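These notes concern the structure reproduced below.
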Amino acid sequence: SIMSSAAKGIFIVGAKRTPFGAFGGKLKTISATNLAVLSSKGAIAQSGLDPEKINETFMGNVISSSLDAAYLSRHVALKSGLPISTPSLTLNRLCGSGFETVCQGAESIILGRSSISLCGGTENMSQAPMLIDGIVARWGAALGAGMKAEDSLWAGLTDSYANLPMGLTAEKLAEKYGITRAECDEYSLRSQHLYQAAAEARVFDVEITPVEVKGKKGKEMMDADEHPRANAKLADLTKLKPVFKPDGGVVTAGSASGICDGAASLVIASEEAVKEHGLKPLARVVAWHRVGCDPSIMGIGPVQAILGTLKAANLSLNDIDLVEINEAFAAQYLACEKELGLDRSRSNLNGGAIAIGHPLGASGARILTHLTHELGRKNVRYAIGAACIGGGQGIAVLLENVR
């Protein structure tokens with residue numbers, strides 16, 4: 001496990017995201033690359049920084065859903081106005097990728113390689129391709145065998161090492177921690193209701209960069225998330241059938257994170273760069289931690305990631321004002337909550353991925369973007385964001401309010 005705390009001041013100076021589009025929804029035709037360009041331009045504009053001053057780019061992406069995916073971070077950097085001389089890295093720590101870019105950006109600053117980094121994550125799950133095996137397609141199918149297209153999205157949500165789809169890892173956690181179907185439905189309803197209350201109070205406006213999309217009557221501006229269910233009722237959730245374990249399972253379409261499209265970006269800068277360019281820090285990146293865990297219960301990964309982050313910062317969970325654990329599944333969140341002894345009055349207070357959705361590479365950056373702005377809005381000191389990671393990992397990042 002890798003535990004780190006910032007030996008020098010590292011600050012988030014811009015943080016924006018696109019609205020998140022539903023699966024097959026309004027963002028389906030915008031590539032993951034171009035979604036990240038939109039969020040990156042928004043974050044850079046919010047920082048007030050000339051993009052020519054940014055030294056390095058880190059972008060997270062999980063499913064290569066467009067033909068330019070191999071070039072993703074480089075194209076994001078160039079399309080966002082960064083200098084040709086600056087390097088770019090596309091990385092994949094699955095559901096933790098958006099968090100990982102901020103860790104990488106911070107470590108780049110600590111090493112003295114950069115003074116300002118563009119970080120973020122992006123995913124267009126609607127564009128996830130159907131794949132034909134390359135051996136068969138290039139070198140020939142046997143007589144009568146034909147060619148079969150495999151769903152890269154479903155493959156990405158299944159761990160072939162553990163031989164389990166992600167939903168069954170959540171079912172295993174429910175069994176281990178005694179989590180019931182009723183608890184999962186109630187928690188999922190909480191996510192939808194808290195999200196709706198926050199959206200109606202315009203909480204998300206400061207973090208969202210509107211996106212121009214094709215509407216039924218021509219071009220329109222999309223400035224709100226598309227996946228949340230307005231006015232959700234418990235009866236809507238209780239009638240849904242379990243997806244992965246038909247007999248007595250707890251994971252339904254309503255208690256799992258939404259399959260979505262979207263991107264989020266953050267500009268992080270050293271203390272020296274903040275002073276040199278007259279930037280306004282929004283939050284300080286304090287500490288971070290990555291860890292591995294049993295792949296068959298991958299959803300418990302945030303527990304040790306959070307504890308390691310707190311240890312690196314010499315803090316306890318009681319010191320933390322705001323927590324957001326990515327809601328891959330209600331059962332997975334509840335298992336982490338139980339294991340940590342987490343006070344729910346401080347956690348996922350504006351809903352989470354069950355309502356907003358979970359575009360894999362983007363979610364970590366979305367959570368850090370949200371917590372950055374929530375620290376200022378609520379005028380509290382510490383926030384920690386975390387995610388479980390398919391394959392059995394966890395990641396967490398701790399922020400401090402500096403406003």
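Assorted remarks:
- Criterion applied to Ala106, Ala141, Ala201 was being of a type in the set (Gly, Ala, Ser), within 30 Å of Arg377 (Cβ to Cβ) and without any contact (Cβ under 8 Å) to a residue 24 or more places away in the chain, and the one residue passing it is Ala201.
- Of the residues contained in region 250-261, one or more are found to be within 17 Å of the chain's Cα centre (by Cα), at pLDDT below 95 and part of a loop (DSSP other than H, G, I, E, B).
- Screening region 67-95 for residues that are in contact with a helix residue (DSSP H, G or I) (Cβ under 9 Å, 6 or more places away or on another chain) and farther than 21 Å from Lys41 by Cβ and picking the one that is least open to solvent (accessible area, probe 1.4 Å) gives Cys95.
- The set of residues in region 198-229 that are open to solvent by 20 Å² or more (accessible area, probe 1.4 Å) and in a helix (DSSP H, G or I) comprises Ala199, Glu200, Asp205, Val206.
- Selected residue [in contact (Cβ under 8 Å) with a residue 24 or more places away in the chain, of a type in the set (Val, Ile, Thr) and touching a Cys at 6+ places or on another chain (Cβ under 8 Å)] from Ile320, Ile356: Ile356
- Only one of the numbered conditions (1) touching a residue at least 12 places away in the same chain (Cβ under 8 Å); (2) among the small types (Gly, Ala, Ser); (3) open to solvent by 70 Å² or more (accessible area, probe 1.4 Å) is violated by Gly98, and that is (3).
- All positions within region 246-259 that are in contact with a helix residue (DSSP H, G or I) (Cβ under 6 Å, 6 or more places away or on another chain) and surrounded by 24 or more Cβ atoms within 10 Å (Cβ to Cβ): Val250, Val251, Ser255, Ser257
- Scanning region 1-57 for residues that are within 19 Å of the chain's Cα centre (by Cα) and among the basic types (Lys, Arg) yields Lys16, Arg17, Lys28, Lys41.
The values are calculated or read from the model by the stated rules, or taken from the named source; none is laboratory data. Treat the numbers as computed from the prediction; the structure is a model and nothing was measured. Ideal geometry is used to build each Cβ from the backbone, glycine not excepted, and the neighbour counts take in all protein chains shown. The accessibility values were calculated without ligands, DNA or RNA, using every heavy atom of the protein model including side chains. Shrake-Rupley method; radii C 1.70, N 1.55, O 1.52, S 1.80 Å.
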